[in-house]
Amino acid sequence: MRLVLGSDHAGYELKQELLGFLRALGHEVLDVGTCSTAAVDYPDYSEAVSRAVLDGRAERGVLICGSGVGACVAANKIPGIRAAICHDGYSAHQGVEHDDMNVLVLGSRVIGPELAKELVRGYLHATFSGEERHLRRLGKVKAIEAHYLHSGK
């Protein structure tokens, strides 16, 4: 699978570990930064990951910041992105299966590297169910997004 991986400074070390892990599993991974632990702003990396997913350079994204909260908030401002913080295995796969999540967000100060690997593995092995109830709900989410995108309020 083609993936995009990005983080702010707080997530840099976990990003580097996941980068090697994902490549070892045979995935093609685009690393959009950051490239060190020097302080940077998470919205820049949320946007970089999201743009790669939306423009087709990646099928899914993984985004990392200290808690996961800021990066998730920023990513979800981008139309077409369905990002979620997942710190448990069920949410990591269920978010894809039911909600067609396309960006997994992790908090590097909340979970360790082994759990992160487990969550990423579950996220990547999951597929959207396409069941009528999930399609209906996703349609409603997209309608909300379109309403606020076009109305400005």
### Message
I want to verify a result. In a Gaussian network model of the chain, Cα cutoff 10 Å, which of these has the top mean-square fluctuation: C86, C65, C35?
### Response
C35
### Message
Quick query: amide H of G66 versus all other amide H atoms, modeled in the peptide plane; which residues come in under 5 Å with a sequence gap of 5 or more or a different chain?
### Response
A10, G11, S108
### Task
Would you kindly state the longest site-free stretch of the chain, with sites defined as GluC sites (Glu not before Pro) in a DSSP loop (not H, G, I, E, B) surrounded by at most 15 other Cβ atoms within 10 Å?
60-130
#### Entry: Fraction in percent of alpha-carbon pairs per bin - 10 Å, the stretch 1-70
24, 55, 21, 0
### Query
To the nearest whole percent, what portion of all C-alpha pairs in the chain is separated by more than 27 angstrom?
17
### Task
Please give the calculated 222 nm ellipticity per residue for the chain, where each DSSP H segment of at least 4 residues contributes -39500 (n - 2.57) and the sum is spread over every residue; nearest 500 deg cm²/dmol?
-16000 deg cm²/dmol
### Message
Explain nothing, just the number: relative contact order of the stretch 2-151, from Cα pairs under 8 Å at least 6 residues apart, as a whole percent.
### Response
23
### Task
Treat every Asp and Glu Cβ in the chain as -1 and every Lys and Arg Cβ as +1, leave all other atoms uncharged, and give the resulting dipole magnitude about the Cα centre to the nearest 20 debye.
420
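Since every read-out is calculated from the coordinates, none of them should be taken as a lab result. Note that this is a predicted model, so its numbers are computed, not measured. Glycine gets a Cβ as well: all are built from the backbone with ideal geometry, and neighbour counts include every protein chain shown.
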